[in-house]
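J.: Below you'll find the structure I mean.
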Amino acid sequence: MREVAILGIGQTKFGELWDRSFREIGIEAGFAALQEAKLSSQDISALYLGNMASGSFIEQEHIAPLILDYAGLAGHHLPAIRVEAGGASGAVALHQAYLAVASGAHDFVVVGGAEKMTDVPEDVQTDIANASADQEWETVFGATLPSLWALVARRHMHDHGTRREDFARIPVMAHEMGSKNPLAHFRNKITLDQVLEGSPVADPLGVMDCAPASDGAAALVLGPLEVARKYTDTPVRIAASQVACDTLALQHRKDVTTVEATVVAAKAAFQRAKKSPKDVQVAEIHDAYSISALMALEDLGFYAKGAAAKGLSEGEVAFGGKLAINTSGGLKAQGQPFGAVGVAQVAEIVRQLRGEAKDRQVSGAKLGLTHNLGGTGATSVVHLLERAN
Amino acid sequence: MTVARFWRETPRRYNLGGNRCSACTTVYFPPRAVCPTCQKHRQSLGKMEPFTLSGDGEVFSFTLVHEAAEGFEMQVPYVLALIKTTEGPLLTGQIVDISHEEVHIGMRVRAAFRKLREDGRAGVIHYGYKFSPARENGGREAVASPVSQEALARAAARTQGTART
C-alpha cells in the first residue's frame, strides 16, 4: 500500500440552493478541487461519488456517469462509481478512492459528495432520511431518525448521568463557528436557552439539536504522496481511513449508548497512524444530532464513556480549547447535504492543516480527524489527516 | 409501505414470532437465518428454531415524538420506546394506554395488538404490536392481549413452513 495525499479541495455553498441543479453543484465542487490541484481532467482516472438518495430526492439514479458527463469527461470513459452508506456516503466514497490510489490501481482520482435535498418538502425530506434506519423493524412502528437518537439520549442520561444541557452545548458551538464560514447553511449564532427551548422534535431533542436538510457538494482530488509536491505546495496525507459497520437497527446493538462501529473504526485508525486521540488538535464530528456528537467524543477515544459532558462543560472541547470540533459549523450550522457531509468534513480539516481556515483557524493544527455516521451508527467512518512536511 | 412488503412480515408483527439458536439458545426478534453471536455462526444456518416472545418486557428507553414518521401524523405526540423483552431481544414500539408523563425506564409493559398506521383514508391499514402498562394479578383484561397461545403456536409453525393447521 502506498501513501495517499489530498491534492485539492472544492466545495459549494451549503443551504437551500433552489436556483441550482444537482449536476451544477456536483461539477462546481469537482472543478474547484481539480483547479487547486493543478491537474487537468485528462489526468484523472476515476470518479467516486458519495450520495445517499438522489432517486428519492430528485428522481435521478445513475448519477456518477451524469456528473462525469457534465464535467466533460464522458468521452474519456472513466469509471464513475456512486457510493451509498446513508449519511456516511461521502466518507465511504473517500475510503474507496483512498484504497484505489493506495493499491496502485489508480493514480489520480476525484472524490465527490453531493446531495440535492430541498427540491422536496420537509416532511418528504424526513421520510427519505428515515430510510437509513430499519424500515421493517423501526420506522414501521413510528420511529424516525431523531426519535431513535432521542432514545439513545435518554438512555445515555440514565446510564451515564449526562444532562440535557451537556449535549445542548454542541449546536451552540456549531453555530458560533458557522457564523465564520461563508459556505455555511446557517450563519446566525444561537444561545443555550434557544437550544433548550427549541420546539420539540422527539424529547429530549428539540429542533436546535437536529442538523438541517441542505443542498451542497464537496470534492477532493487524491494522488500518490510521493508525487504530491508536483501538484500542490500543501499536500495533506491521509494517515488512516477506516470504515466499520454494525447492526442496521438500533434495537440490535449491544449497548445503545455506544456506537461500537465508531469505537472500532477509531481504534483501527489510531493504530494505523501510530497516533492517539491526544495527538489530535482539530476534528469534524458527526453532529446530525447533538447527542450523536457528544457520544462520538467518547467513542472516538477522546473521553471515557460518560465523561464527554465534563469536557464540554469545562471548555476543553471548544475553539481555543484542547480539542476544537466542527470548525466548519458542523452538520448543524454548515449544513447536512447527506452525501456531501463526509467529503466536506475532510475539506475543512485540509483547510485547517494548510493554515487556510482564516478566523476559524486552529493554531498549530497538525493532526485532524473526521467522523461520519450513517443512520444511528450502522456505518461509521474515521479519517486521520496529517500535514505532509 | 407496499401491501406485499407489509404482509410478508405479519406473522412477526402480529404474533411476535422470533427464533432461537439451537446451539447457544440466544433468542432473536425478528427471526434470523444465522446466529450472529454464536461461536458456531455458520453451523447455526438452518438450525434456528421458531420461538415466540411472550410480549412481556420493560421500558429500556423512551421519547415523546412530536414530528411523526410517515403515516403517524395523526398520532402526535406519541411515546416511542425501546422495550427490553423478558426473553432478551430489544424491540422498538409505541407505548399506549398511559399518559406520557407516567412512562419511565424500567416500567413493566406488555405487547398489545393494535392498529399501527394507515396509508391514507382509503389505503391499507397496518396492524402490529404496541406496548401498554402491565398490570398485576389478572389485570390483563385491561390490556389488549396479543393472541391466544394456540394461535401463536400456529403462527410459529406457519412461519417455519413446517405445519399447517
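J.: Using packing as a proxy for protection, rank B:80-88, A:150-158 so that the peptide with the highest average count of other Cβ atoms within 10 Å comes first.
T.: Per-residue Cβ counts within 10 Å, averaged per peptide and sorted highest first, yield A:150-158, B:80-88.
J.: Could you work out how far helix A:22-36 tilts from the main Cα principal axis of chain A, as a 0 to 90 degree angle to the nearest 10?
T.: It is inclined by approximately 60 degrees.
J.: So who's got an amide H within less than 5 Å of the one on residue B:51, skipping anything under 5 residues away but keeping other chains? H placed 1.01 Å off N, in plane.
T.: For residue B:51, the qualifying residues are B:18, B:19, B:20.
J.: Could you work out how far the C-alpha centroid of region B:92-129 sits from that of region A:304-339, in angstrom?
T.: Cα centroid of region B:92-129 versus Cα centroid of region A:304-339: 36 Å apart.
J.: For the pairing of chain A with chain B, what total accessible surface becomes buried, with a 1.4 angstrom probe, in square angstrom to the nearest 100? Could the numbers behind the result be given before it?
T.: Values: alone 14680 and 10010 Å², together 21880 Å².
The A and B chains share an interface burying roughly 2800 Å².
J.: Give me the net charge of residue A:176's neighbourhood, meaning all other residues with Cβ under 14 Å from the Cβ of residue A:176; Lys, Arg count +1, Asp, Glu -1.
T.: Numbers: positive: A:169, A:180, A:187, A:189, A:332, A:360; negative: A:287, A:359.
Net local charge, residue A:176 excluded: +4.
J.: Report the net charge of residues surrounding residue B:53, where surrounding means a beta-carbon distance below 10 angstrom and charges are Lys +1, Arg +1, Asp -1, Glu -1. Show your work: numbers first, answer last.
T.: Values: positive: B:12; negative: B:56, B:87.
That works out to -1.
J.: Of the listed peptides A:192-205, A:69-82, A:44-57, what is their order by residue-averaged count of other C-beta atoms within 10 Å, with the highest listed first?
T.: Ranked by mean Cβ neighbours within 10 Å, highest first: A:44-57, A:192-205, A:69-82.
J.: Any idea how far the Cα center of region A:4-28 sits from the one of region A:191-258, in Å?
T.: 17
J.: Tell me, what is the per residue accessible area of chain A in Å², probe radius 1.4 Å?
T.: 34
J.: Which value in deg cm²/dmol, rounded to the nearest 500, describes the helix-derived mean residue ellipticity at 222 nm for chain A, given -39,500 (n - 2.57) per DSSP H run of n ≥ 4 and division by the residue count?
T.: It lands at -10500 deg cm²/dmol.
J.: Next question. Per residue, how much accessible area does region B:1-142 have with a 1.4 Å probe, in Å²?
T.: 50
J.: Where a ≥ b ≥ c are the square roots of the eigenvalues of the C-alpha gyration tensor, would you call the protein assembly as shown rounded, which needs a/c under 1.5, or, failing that, prolate if a/b is larger than b/c, or oblate?
T.: Values: a/c = 1.89, a/b = 1.66, b/c = 1.14.
Prolate.
J.: Pop out a list of residues from region A:132-152 that are at least 50 Å² less accessible with all the protein chains around than in their chain alone; 1.4 Å probe, no ligands or nucleic acids counted.
T.: Buried on complex formation: A:136, A:137, A:140, A:141, A:142, A:151.
J.: Please give me the summed charge of the neighbours of residue A:351: other residues whose Cβ is under 9 Å from its Cβ, Lys and Arg +1, Asp and Glu -1. Mind showing how you got there, number by number?
T.: Values: positive: A:354, A:358, A:360; negative: A:348, A:356.
After counting each charged neighbour, the total is +1.
J.: I'd like the orientation of helix A:89-102 relative to chain A: the angle between its Cα long axis and the longest Cα principal axis, in ° from 0 to 90, rounded to 10.
T.: Roughly 40 degrees between the two axes.
J.: In chain A, if the dipole is taken from +1 on Lys/Arg beta carbons and -1 on Asp/Glu beta carbons about the Cα centre, which of A:389, A:346, A:335 is farthest to the positive end?
T.: A:389
J.: Which residues, if any, in region B:111-126 lose at least 20 square angstrom of accessible heavy-atom surface (probe 1.4 Å) when the other protein chains sit next to their chain rather than the chain being alone?
T.: With the partner chains in place, region B:111-126 has these residues losing at least 20 Å²: B:116.
J.: If you don't mind, another one. List the residues of region A:194-217 that lose 30 Å² or more of accessible area once all protein chains are present, compared with their chain alone (1.4 Å probe, heavy atoms only, no ligands or nucleic acids).
T.: Hits at the 30 Å² cut-off: A:200, A:201, A:203.
J.: Okay, moving on. Can you run phi through the Karplus equation (6.51, -1.76, 1.60; θ = phi - 60°) for region A:245-262 and list ³J(HN,Hα) in whole Hz, with x for Gly and Pro?
T.: Whole-Hz 3J(HN,Hα) from phi for region A:245-262: 10, 8, 4, 5, 8, 4, 4, 9, 6, 5, 9, 6, 8, 10, 8, 5, 4, 5.
J.: A follow-up question, please. Subtracting the Cα-Cα distance from 0.36 nm times the residue separation, let me have the gained length for residue B:127 to residue B:3 in nm, one decimal.
T.: This chain segment gains 43.4 nm when fully extended.
J.: May I pose another question? On a C-alpha basis, how far is the centre of region B:44-78 from the centre of region A:66-139 in Å? Whole number, if you could?
T.: 31
J.: Another one. For peptide B:65-78, compute the average count of partner chain beta-carbon atoms within 10 Å of each residue's beta-carbon. Before the final figure, lay out each step's value.
T.: Values: counts 10, 10, 13, 6, 14, 10, 4, 6, 1, 0, 1, 1, 3, 3.
Average per residue, whole number: 6.
J.: Still on this structure, please answer the following. Roughly speaking, to the nearest percent, how much of the protein assembly as shown's 1.4 Å accessible area is carbon and sulfur?
T.: 51
J.: While we're on this one: Give me the inter-chain shielding for B:6-12: mean count of other chain Cβ atoms within 10 Å, whole number please.
T.: Details: counts 2, 0, 1, 3, 0, 0, 2.
Mean inter-chain Cβ contacts per residue within 10 Å come to 1.
The values are calculated or read from the model by the stated rules, or taken from the named source; none is laboratory data. On a predicted model such as this, the values are computed, not experimentally measured, just so you know. When we count neighbours, we look across all protein chains shown, and the Cβ atoms used for this are built from the backbone with ideal geometry, even at glycine. For accessibility, only protein heavy atoms count, side chains too; no ligands or nucleic acids. Shrake-Rupley method; radii C 1.70, N 1.55, O 1.52, S 1.80 Å.
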